[in-house]
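Shown next, in structure tokens, is the structure this report addresses.
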Amino acid sequence: MVKHMTLEEWDRRVAPFLATIGIRARHIVTDAHQIIDWVKLLPAAPDFETEAIAKLEEAKIALSLAHGAVSMALEDYNKKEKVS
């Protein structure tokens, strides 16, 4: 059974969370596309370690961990009580 919620209640209790989730997810996607583009534009790679690539390696590890966390978040979301 689907629970009903007034628009005012929805705006107060649910909408801010969905807005933030959407914004944060969009940032991740945008950042990933920009990194891909900047690496493609890089005319050459230096023959020494750089902070940028060290940060990219850190991001790779963080994203691997985040992948599991996002998967669990989606599972949790799907278990939430549905409202209309």
Inset, instruction - Would you be able to say whether some residue in segment 52-62 is on the phi < 0 side of the Ramachandran plot and touching a residue at least 40 places away in the same chain (Cβ under 8 Å)? - result: no
Inset, instruction - Confirm whether E81 is acidic (D, E), in contact (Cβ under 8 Å) with a residue 40 or more places away in the chain and out of contact with any Ser or Thr (no Cβ under 9 Å at 6 or more places or on another chain). - result: yes
Legend entry - Meets criteria (modelled with pLDDT under 95, of a type outside the set (A, V, I, L, M, F, W, C) and within 21 Å of the chain's Cα centre (by Cα)) for K3: no
Inset, instruction - Search segment 1-27 for residues being among the β-branched types (V, I, T) and without any contact (Cβ under 8 Å) to a residue 12 or more places away in the chain, and hand back the single one that is surrounded by the most Cβ atoms within 10 Å (Cβ to Cβ). - result: I21
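Residue under question is I35, and the condition is that it be within 22 Å of the chain's Cα centre (by Cα), more than 12 Å from S84 (Cα to Cα) and touching a residue at least 12 places away in the same chain (Cβ under 8 Å); does it hold?
yes
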Legend entry - Filtered residue count, segment 60-84, keeping only those that are more than 13 Å from the chain's Cα centre (by Cα) and more than 30 Å from H4 (Cα to Cα): 2
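The values are calculated or read from the model by the stated rules, or taken from the named source; none is laboratory data. Just so it is clear, the model here is predicted, and its values are computed rather than measured. All Cβ positions, glycine included, derive from the backbone under ideal geometry; neighbour counts span all protein chains shown.
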